[in-house]
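To start, the structure under review is shown below, and the notes come after it.
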Amino acid sequence: MHEKPSNQPLSILTVNYNTIDFVELMVYSFKKLTKNPYKMIICDNGSKKKDIKKLKCIEKSNSNIEVIYRKQTSAGSFGHAQALDILIEKVTTPYFVVMDADAVFLLRDWDEKMLSQINDEVKAIGTPPVTSKKIIKYRDFPIMFATLYDTYTYKNLKVSFMPDEKNFNTGMDTGYEISERFIANGKRGICFEEKSTRIYKDGPYAGVICAEYYSNRELIASHFGRGASLGNAKYLKKFRVPLIGKLLRTIIGKYQKDKWIRISMETINKN
């Protein structure tokens, strides 16, 4: 069995697009809870001036944080995937972590706990894809929204996060080919246990629509979901009234985002 030396350096990768409040939380979480040395690389996809100003302050104040500024040439999943591929090209560490901007780790030494499960067969660990009847994905293989990969395996398989242009609505979305390539080459992934707060009400985020993730029964991470739009799509079923519905969704989304960030901060500070 392959044994990893301790004190493994990590690269932590995320894409920002007008989600600076979430990114600031993520930066705080890594400072407080990460055991191994790490470099964080943020790719900004053409955010507003407010975000750019704050990103420059973050980069200036943290020697282990680098920001790449670009204007995305494609929208949605395609622009996000392009940015992720750019970030992964810059990885030189043995392991890297891909984060959605509105996801956060909540457990002290989260990185060590994840690295301890990597071996000759297991080369990825993290959050499973979303559950959907319309989407065909490997539910037992981590893709996003907070996942650690073995760098050598990932780059050796020459995979990309790019969606399939013709079939991304049926599951060939961001990162779809990663699970297929890993599994076809005899590599496994380990998924956290996902609990949606629409159903699960025993965790700290019971009052917010989001996902909680557990590893060995410990709360390790959470994902707000749809952070760039304040989670707007999560409230469509409840507020479909034209004009008024959109306004209500925005108000509720802002309230839920602020509450999710507050709960995350409280949870981080307890650990």
Looking across the stretch 69-94 at residues that are β-branched (Val, Ile, Thr), assigned to a loop (DSSP other than H, G, I, E, B) and in contact (Cβ under 8 Å) with a residue 12 or more places away in the chain, the single one that is nearest to residue 177 (Cα to Cα) is 91
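Select, from 13, 25, 84, the only residue that is closer than 26 Å to residue 125 by Cβ and in contact with a Lys or Arg (Cβ under 9 Å, 6 or more places away or on another chain).
13
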Of the residues in the stretch 120-135, those that are at pLDDT 95 or above, surrounded by fewer than 24 Cβ atoms within 10 Å (Cβ to Cβ) and assigned to a loop (DSSP other than H, G, I, E, B) come to 120, 121
Can you confirm whether the stretch 199-207 contains a residue that is touching a strand residue (DSSP E or B) at 6+ places or on another chain (Cβ under 6 Å), at pLDDT 95 or above and within 30 Å of residue 151 (Cα to Cα)?
no
Restricted to the stretch 86-115 and to residues being more than 25 Å from residue 219 (Cα to Cα) and of a type in the set (A, V, I, L, M, F, W, C), the residue surrounded by the most Cβ atoms within 10 Å (Cβ to Cβ) is 87
Reported set for the stretch 74-96 where residues are polar (S, T, N, Q), more than 15 Å from the chain's Cα centre (by Cα) and at pLDDT below 85 is 74
Taking the stretch 166-176 and the residues there that are more than 16 Å from residue 96 (Cα to Cα) and buried (at least 16 other Cβ atoms within 10 Å of the Cβ), the one that is modelled with the highest pLDDT would be 176
Checked against (1) surrounded by fewer than 19 Cβ atoms within 10 Å (Cβ to Cβ); (2) among the basic types (Lys, Arg); (3) modelled with pLDDT under 95, residue 262 satisfies every condition except (3)
Filter the stretch 7-45 for residues that are part of a loop (DSSP other than H, G, I, E, B) and β-branched (Val, Ile, Thr); the one that is nearest to residue 85 (Cα to Cα) is 19
Check your understanding: Out of all the residues in the stretch 229-250, is one or more under 20 Å from residue 128 (Cα atoms), surrounded by 15 or more Cβ atoms within 10 Å (Cβ to Cβ) and at pLDDT 80 or above?
Key -> no
* To do: State yes or no: is residue 107 touching a residue at least 40 places away in the same chain (Cβ under 8 Å) and not in a loop (DSSP other than H, G, I, E, B)?
  => no
Output for Cβ contacts, cut-off 6 Å, separation at least six or different chains, first residue part of a helix (DSSP H, G or I) in the stretch 173-192, second among the aromatic types (Phe, Trp, Tyr), reads 179/138; 179/141
Practice problem: Say whether the condition of being among the charged types (D, E, K, R), outside any helix (DSSP H, G or I) and at pLDDT below 90 is met by at least one residue in the stretch 148-165. | Solution: yes
| query | Do we find a residue being surrounded by fewer than 23 Cβ atoms within 10 Å (Cβ to Cβ), closer than 23 Å to residue 266 by Cβ and among the basic types (Lys, Arg) anywhere in the stretch 46-56? | reply | yes
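The values are calculated or read from the model by the stated rules, or taken from the named source; none is laboratory data. Nothing here was measured: the structure is a model prediction, and the numbers come from that model. Counting neighbours? That spans all protein chains shown, and the Cβs are built from the backbone with ideal geometry, glycine included.
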